[in-house]
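Read through the structure below, which is laid out as structure tokens, and then see the notes.
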Amino acid sequence: MRIALVFSCLLWACAPKSHEAGVRHITYWEKWTGFEGASMDRLVARFNQRERERAGREANYRPIEVEKVAVSSLEQKLLIATAGGNPPDVAGNYSFFVPAYADKGALTDLGPLLAAAHIERENYIPHYFELGVYRGKVWALPVVPASVALHWNKQLFEDAGLDSNVAPRTIEELDAFAEKLTLWQVRLDSGDTVVERGYLPNVPDDRKRLIQVGFLPNEPRWWSYAWGYYFGGKLFADAAHVSPNDAGNLRAYDWVRSYSERLGVERIKRFRSGFGSSSSPQSSFLSGKVAMELQGVWLHNFIEQSAPGFRYGAAPFPYPADRPELANTSEAEADVLVIPKDSKHAHEAMEFIAFVSSPDNLEDLCLGQDKFTPLRTVSERFWREHPNPNIALFRELGSSPNAFAIPKTGIWNEYNRELTNAVDLIQNLSEPPMRALGDVAERMQAAVDRDRKTLLRRGEP
Amino acid sequence: MKRRPSPNPLQRTHPLVHVPLLILAGIFTLPLLWLIATSFEPREQIGKVPPEWLPRQYYIERQGAPITVTPPVPFEKGWVHVSEWSPSKYHGGKVTSFLLRPRDVKTRIAPVWQNYPEAIRALSSSEQDKQRPLGELLARSSMPWTPKSDRSKSVTFLSYLANTLLVALLGMVGTVASSALVAYGLSRIEWRGRSALFNVTLATMMVPFPVLMIPLYGVFRSLGWIGTLLPLWVPAFCGGAFNIFLLRQFFLTIPSELSDAARIDGCSEFGIFWRIILPLARPALAVVALFHFLYAWNDFLGPLIYLTEPRTFTMALGLSQYQSQNGGSEWHLLMAASVLLIAPVVALFFVAQRTFIQGISTTGMGGR
Amino acid sequence: MTGASARRVRGLLFCAPWLLGLSVFLLYPLAAALYYSLCDYSVLLPPVFIGAGNYRELFHDPLFWKSLYNTAYYALGSVSFGVLVSLMLALLLNARVAGLALYRTLFFLPSLMPVVAGSLLWMWMYNGESGIINTALRHLGLNGPAWLTDPAWAKPAIILMAVWGAGHTMVIFLAGLQDVPSSLYEASLIDGANFWQRLIHVTLPMLSPVIYFNVVMSLIGGFQVFTQAFIMTGPSGAPERSTLFYVLQLYDVGFQDLRMGYACAMAWLLFGLILGLTWLLTKGSQKWVHYER
């Protein structure tokens, strides 16, 4: 081995300059920094190592060298770079940007490359593989999947006299728990302050200060568009028609609105402005300011980093009591690898993707990111070594028939902005859900029709 | 421009004019003081109600030695669980924790100088790099001239600084050189078409950047410049309408006899420009240079659109990216980083105060 | 070869950089934008000509109107308050007060702040819970709004920040004030005019060209507001789109949705709008701007 290395070094040193340029550099943009990024860094190092070793063995082999670049707001920068004709060779994007990118001609069709690399659809959990498929073509390959669940703070449950091992199963239970978990500082006539539980509708506003909330819909603020799904709503009725104001969505956002009514819009805003980012000890959940939160599989890692010893539980997000068939609903998205259009090294990029997607490597990657794998079969080692005690739950949620993903549409960006704004209006009690979502329906139907026209003009079916 | 001391109406009014002035000066200065105060506060003081102006250090005594700690705010229960994660977070790697009684935690007034190295570290893009000592971290900085494939370098605060300086200084040189040349051509040589070109130049002063940003993106795309620093400084070498206008007006005030005398002595046109006009126009050139530097230093929209990779980011862009990723509660670091972004501008102001004030007074512009 | 043609060659040579810049970085992009504004264009795919389709859609786009309204609100607010405050400061400083240079520096410094840093600072000051602004208001017995997260207060908050940076307008006013001939003041003193009469009949008319200049420049700048909102309230103009400014919407449509044709139409309308406004102001100014000559 060592001799081979020395030999190859000699060869390398004696070779003309062009041979040194024989290393095939490819650029890989990744959105993650932090522990997720570090876990990918290890795979990149392993890949580069493998390539160097192979070059050591085979004299004529030109090794691939992956340079990973952490790019923040990647979904945006990647579009600008690709449209600008200067894209990376491979990039780690979010699954929900795939359709928009594909429609704009910013991605390479992976189909033939995947076939050549023997990456089979059958090996993946169907839901996750499908995330990269759009208009009959495979544009992206899932690497790290995610699902979400209700997390609760066991300490706060005990303080409220609740059984810290039992999570609410229905929305109604969630609401009842939330009331018990809400704490106020109340100023008495004597000038003393006492701490009180519940929503205290009879205490005048200037007498009470919020110190803890049982549940805040839309905290964290990443999924304002998604609440309808937990109530049986859908964002698209069919491929050509939007339905942000269907019965399920209206019910969901009426429920979201009820929290603003109970707690007070201004008060929520002020309470929120004290929250730190989700991974910090000052986050709403880890600082104990919010007792129950919808959070992703990654929360476990945040806790290990920022609040070791924090006691919490995770369970499927509750369903409305009259819709038991909605149990185990969870948003299920994935990080995907894509090859941008005009990547100068599509084949090399595919080799890297194939390397990452081998079962062992994929398991290592997902272990490092504290998530489950998108593959159908999982090794025993994966379960044994996985640090997250709830990992099986998240995988079940991800494979549940009620797992949902952001609808595949080229106008998701716009739709998302519209919904975010509508939910803003609803939560601020500025507009009732019926009107806010009705406006969204009208505007987005126009956008869908426009998008359709654009595609037709281009001759797409 | 000549200034006559004018006996204006307020001059003879009483010293009470200081009252509104002092109040207003206080209001204008308060944000800056708050910026500096926050930049020296420890993490746990951020978000305190009511906010505190003086940085306070929380510490416990262990075996006679003080250990700085970051207790949760407020202390609610009898025992507090203290996770020591800042600023030693990046050195030790692992979090140490103590279980304390609130009365064991003492405080003293002390600025947290570490916020500054911490902010510099936080702005670096790679996670492993954040754990290196500051000197080593900065020594690894990727520079604008570092080849893309050099994996031993990484993106740090210093990279952002170097990019910003490169864009600002090259742009400054370019804009001064080209605008002066063009202004000379438009003022001291008489040729047919000159006034037409000058009128077009005046008209283009009205075109704001946002109108051009999308088609310019197309131009830079065909040049292969997207994702590089080139779009941010190369165009400066083609001159700018306003600077040309400004310098032309200045050149027109220089008597033509000077050029004529030089021409008789056999001086070339460029020689006249270089040896006679430029030295005389130094104050105006300084104004153009200063304002361009300021513009480039503060620019955000241009870098946002044309830069894609962190290694090419300017300070303003790097700071905003850090904020959008880690914002929320890290105000002490954000404020420290902001001080670092502002300090050079303030220093420049004190060095070149006269040029600033005169430049703004005469041109009505100012690096905006 | 002497005379006109030689001078012309020399003139063109000196102007060569600008001729290049003018055509490549200005006239061509403007023309290209005009063409793309008539196309369905997403950069990566060839443009498809659709006539006035983009403009037609634009006029029916509620976000276009919303952003226009927000921008006009901001521009009017920041221009009127900015000009008023800076004029007031300049008038106060126009006396030979002790410490003039220090005052001037204090008022001027904020206007030098890089917008990104200034935005971060104000974001922190506007924090609803622990920001110093609400703390100060609490001391006055007032319950401050949630500023940047309150749709009614987000725009005023950004305007207030702009007023803080108005020191640079103040410097221009100060220069203008010092150019008012002293003979006029002397004459008015002899006539027995009081402070307000002097202000209205002497100072303001003499200053009107400078006021006009500042109003036009601030208005043009106001219509381009972007960075403050992008940093403080995010790229989609939260809360409730109350800070969705024109350039922000232009950026969203162009660079997030890659609808470049539509964005080019927006860009041209912005250009037309700014030209139109400047023309209107110039036209209207003839009534109140007083030139010495």
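Could you please let me know if A:ALA321 is buried (at least 22 other Cβ atoms within 10 Å of the Cβ) and either within 14 Å of another protein chain (Cβ to nearest Cβ) or in contact with a helix residue (DSSP H, G or I) (Cβ under 7 Å, 6 or more places away or on another chain) (or both)? Lay out the reasoning, then the answer.
Working: buried (at least 22 other Cβ atoms within 10 Å of the Cβ): no; either within 14 Å of another protein chain (Cβ to nearest Cβ) or in contact with a helix residue (DSSP H, G or I) (Cβ under 7 Å, 6 or more places away or on another chain) (or both): yes.
No.
When you go through (1) part of a helix (DSSP H, G or I); (2) within 14 Å of another protein chain (Cβ to nearest Cβ) one by one for A:SER430, which number turns out not to apply?
(1)
Looking at segment A:229-252, can you tell me whether even one residue there is more than 17 Å from the chain's Cα centre (by Cα), aromatic (Phe, Trp, Tyr), closer than 21 Å to A:ASN153 by Cβ and buried (at least 19 other Cβ atoms within 10 Å of the Cβ)? Give the derivation first.
First, pick out the residues of segment A:229-252 that are more than 17 Å from the chain's Cα centre (by Cα): A:231-252.
Keeping just the survivors that are aromatic (Phe, Trp, Tyr) gives A:231, A:236.
Adding the requirement that they be closer than 21 Å to A:ASN153 by Cβ leaves none.
Among the residues of segment A:229-252, not one is more than 17 Å from the chain's Cα centre (by Cα), aromatic (Phe, Trp, Tyr), closer than 21 Å to A:ASN153 by Cβ and buried (at least 19 other Cβ atoms within 10 Å of the Cβ), which makes the answer no.
Within the bounds of segment A:281-291, is there any residue that is hydrophobic (A, V, I, L, M, F, W, C), more than 10 Å from every other protein chain (Cβ to nearest Cβ) and outside any loop (DSSP other than H, G, I, E, B)?
Yes: one or more hits.
Just checking, which of A:PRO281, A:PRO220 is closer than 30 Å to A:VAL203 by Cα and touching a strand residue (DSSP E or B) at 6+ places or on another chain (Cβ under 8 Å)? Step through it out loud before you land on a result.
On the way: A:PRO281 fails: closer than 30 Å to A:VAL203 by Cα.
Answer to the selection: A:PRO220.
Got at least one residue in segment A:427-436 being modelled with pLDDT of 95 or more, small (Gly, Ala, Ser) and buried (at least 19 other Cβ atoms within 10 Å of the Cβ)?
So far as segment A:427-436 goes, yes, one or more of its residues are modelled with pLDDT of 95 or more, small (Gly, Ala, Ser) and buried (at least 19 other Cβ atoms within 10 Å of the Cβ).
Kindly indicate which of A:ASP246, A:ASP238 is charged (D, E, K, R), away from chain B (no Cβ under 14 Å) and touching a strand residue (DSSP E or B) at 6+ places or on another chain (Cβ under 8 Å). Steps first, please.
Working: A:ASP238 fails: touching a strand residue (DSSP E or B) at 6+ places or on another chain (Cβ under 8 Å).
Result: A:ASP246 is the single residue among A:ASP246, A:ASP238 that is charged (D, E, K, R), away from chain B (no Cβ under 14 Å) and touching a strand residue (DSSP E or B) at 6+ places or on another chain (Cβ under 8 Å).
I'd like to check which helices (runs of 4 or more DSSP H) are fully inside segment A:320-415 and have at least 1 residues that are aromatic (Phe, Trp, Tyr). Give the steps one after another, and end with the answer.
Details: elements: A:346-356, A:359-368, A:380-385, A:391-399.
Because the criterion is at least 1 residues that are aromatic (Phe, Trp, Tyr), the helices (runs of 4 or more DSSP H) in segment A:320-415 that meet it are A:346-356, A:380-385, A:391-399.
For C:LEU199, indicate whether it is of a type in the set (A, V, I, L, M), out of contact with any Phe, Trp or Tyr (no Cβ under 6 Å at 6 or more places or on another chain) and closer than 30 Å to C:LEU102 by Cα.
yes
Evaluate segment C:56-76: report whether one residue or more is farther than 24 Å from C:LYS155 by Cα, surrounded by 15 or more Cβ atoms within 10 Å (Cβ to Cβ), among the aliphatic types (A, V, I, L, M) and away from chain B (no Cβ under 13 Å).
Checking segment C:56-76: not a single residue is farther than 24 Å from C:LYS155 by Cα, surrounded by 15 or more Cβ atoms within 10 Å (Cβ to Cβ), among the aliphatic types (A, V, I, L, M) and away from chain B (no Cβ under 13 Å).
Out of B:GLN353, B:GLN325, I need the residue that is within 12 Å of chain A (Cβ to nearest Cβ) and either among the acidic types (Asp, Glu) or more than 13 Å from B:THR156 (Cα to Cα) (or both). Which one?
Working: B:GLN353 fails: within 12 Å of chain A (Cβ to nearest Cβ).
Selected residue: B:GLN325, the only one of B:GLN353, B:GLN325 that is within 12 Å of chain A (Cβ to nearest Cβ) and either among the acidic types (Asp, Glu) or more than 13 Å from B:THR156 (Cα to Cα) (or both).
Can you pull out the residues in segment A:180-195 that are exposed (fewer than 15 other Cβ atoms within 10 Å of the Cβ) and not in a loop (DSSP other than H, G, I, E, B)?
Our first condition is that a residue be exposed (fewer than 15 other Cβ atoms within 10 Å of the Cβ); within segment A:180-195, this holds for A:185, A:188-195.
The answer is A:GLN185, A:THR193, A:VAL194, A:VAL195.
Search segment A:106-134 for residues that are touching a residue at least 12 places away in the same chain (Cβ under 8 Å) and buried (at least 19 other Cβ atoms within 10 Å of the Cβ) and pair each with any residue that is in a helix (DSSP H, G or I) and of a type in the set (Phe, Trp, Tyr) when their beta-carbon atoms are under 6 Å apart and the residues are at least 6 apart or on different chains.
Listed by first residue and then by second, the contacts come to A:LEU107/A:TYR101.
Please determine whether any residue of segment B:356-367 is modelled with pLDDT of 90 or more and out of contact with any Gly (no Cβ under 8 Å at 6 or more places or on another chain).
The first filter runs over segment B:356-367 and keeps only residues modelled with pLDDT of 90 or more, leaving none.
No; the residues of segment B:356-367 include none that is modelled with pLDDT of 90 or more and out of contact with any Gly (no Cβ under 8 Å at 6 or more places or on another chain).
Tell me whether segment A:27-50 contains one or more residues that are touching a strand residue (DSSP E or B) at 6+ places or on another chain (Cβ under 6 Å), crowded, with 18+ Cβ neighbours inside 10 Å and more than 30 Å from A:PHE302 (Cα to Cα).
Checked segment A:27-50: no residue is touching a strand residue (DSSP E or B) at 6+ places or on another chain (Cβ under 6 Å), crowded, with 18+ Cβ neighbours inside 10 Å and more than 30 Å from A:PHE302 (Cα to Cα).
Please count how many residues of segment C:252-293 are closer than 23 Å to B:GLY302 by Cβ, modelled with pLDDT under 95 and among the hydroxyl-bearing types (Ser, Thr, Tyr).
Here the count works out to 0.
When you look at A:MET1, is it modelled with pLDDT of 90 or more, farther than 17 Å from A:GLU348 by Cα and of a type in the set (A, V, I, L, M), yes or no? Explain how you work it out, then say what you get.
Values: modelled with pLDDT of 90 or more: no; farther than 17 Å from A:GLU348 by Cα: yes; of a type in the set (A, V, I, L, M): yes.
No, not satisfied.
Under the condition of being touching an Asp or Glu at 6+ places or on another chain (Cβ under 9 Å) and within 12 Å of chain B (Cβ to nearest Cβ), which residue from segment C:43-55 is surrounded by the fewest Cβ atoms within 10 Å (Cβ to Cβ)? Can you show your working first?
Taking segment C:43-55 as the starting set, the residues that turn out to be touching an Asp or Glu at 6+ places or on another chain (Cβ under 9 Å) are C:44, C:47-50, C:53-54.
Applying the additional criterion that residues be within 12 Å of chain B (Cβ to nearest Cβ) yields C:44, C:47.
Numbers: C:LEU44: 20, C:PRO47: 17.
Filtering segment C:43-55 for residues that are touching an Asp or Glu at 6+ places or on another chain (Cβ under 9 Å) and within 12 Å of chain B (Cβ to nearest Cβ), the one surrounded by the fewest Cβ atoms within 10 Å (Cβ to Cβ) comes out as C:PRO47.
Output yes when any residue across segment A:63-71 is at pLDDT 90 or above and in a loop (DSSP other than H, G, I, E, B), and no when none is.
Yes: one or more hits.
Identify all residues within segment A:79-99 that are more than 8 Å from every other protein chain (Cβ to nearest Cβ), assigned to a helix (DSSP H, G or I) and aliphatic (A, V, I, L, M); write none if there are none.
Residues of segment A:79-99 that are more than 8 Å from every other protein chain (Cβ to nearest Cβ), as a first pass: A:87-99.
Next, only the ones that are assigned to a helix (DSSP H, G or I) stay: A:95-99.
Within segment A:79-99, A:VAL98 is the sole residue that qualifies.
Among the helices (runs of 4 or more DSSP H) lying completely within segment C:161-242, list those that include at least 2 residues that are within 11 Å of chain B (Cβ to nearest Cβ) and surrounded by fewer than 21 Cβ atoms within 10 Å (Cβ to Cβ).
Numbers: elements: C:167-178, C:182-190, C:195-198, C:204-222, C:227-232.
Correct list: C:167-178, C:182-190, C:195-198, C:204-222.
Test each condition in (1) among the polar types (S, T, N, Q); (2) buried (at least 24 other Cβ atoms within 10 Å of the Cβ); (3) farther than 20 Å from A:HIS347 by Cβ for A:GLN76 and report the one that comes out false.
Answer for A:GLN76: the failing condition is (2).
Before we move on, is C:VAL180 in contact with a Ser or Thr (Cβ under 7 Å, 6 or more places away or on another chain), at pLDDT below 95 and under 17 Å from B:PHE28 (Cβ atoms)? Full working, then the answer.
Values: in contact with a Ser or Thr (Cβ under 7 Å, 6 or more places away or on another chain): yes; at pLDDT below 95: yes; under 17 Å from B:PHE28 (Cβ atoms): no.
So C:VAL180 does not fit the description; no.
Give the residues of segment A:167-198 that are touching a Lys or Arg at 6+ places or on another chain (Cβ under 7 Å) and more than 19 Å from A:SER284 (Cα to Cα), sorted by residue number.
Selection gives A:VAL186, A:ARG187, A:THR193.
Just to be sure before I move on: is A:GLY309 surrounded by fewer than 22 Cβ atoms within 10 Å (Cβ to Cβ), closer than 21 Å to A:LEU210 by Cβ and more than 21 Å from the chain's Cα centre (by Cα) in the structure I sent? Full working, then the answer.
Details: surrounded by fewer than 22 Cβ atoms within 10 Å (Cβ to Cβ): yes; closer than 21 Å to A:LEU210 by Cβ: no; more than 21 Å from the chain's Cα centre (by Cα): yes.
Against the criterion (surrounded by fewer than 22 Cβ atoms within 10 Å (Cβ to Cβ), closer than 21 Å to A:LEU210 by Cβ and more than 21 Å from the chain's Cα centre (by Cα)), A:GLY309 does not qualify.
Specify which of the listed residues (C:ALA4, C:ALA31, C:ALA16) is facing another protein chain (nearest Cβ under 7 Å) and surrounded by fewer than 21 Cβ atoms within 10 Å (Cβ to Cβ). Spell out how you get there, then give the answer.
Numbers: C:ALA31 fails: facing another protein chain (nearest Cβ under 7 Å); C:ALA16 fails: facing another protein chain (nearest Cβ under 7 Å).
Of C:ALA4, C:ALA31, C:ALA16, the one residue that is facing another protein chain (nearest Cβ under 7 Å) and surrounded by fewer than 21 Cβ atoms within 10 Å (Cβ to Cβ) is C:ALA4.
Scan segment A:400-419 and give yes if some residue there is farther than 26 Å from A:SER147 by Cα, among the aliphatic types (A, V, I, L, M) and more than 18 Å from the chain's Cα centre (by Cα), otherwise no.
Looking only at segment A:400-419, we keep the residues that are farther than 26 Å from A:SER147 by Cα, and these are none.
No, that holds for no residue.
The values are calculated or read from the model by the stated rules, or taken from the named source; none is laboratory data. The model shown is predicted, which means the values in this text are computed figures rather than measured ones. Backbone-built Cβ (ideal geometry, glycine too); neighbour counts: all protein chains shown.
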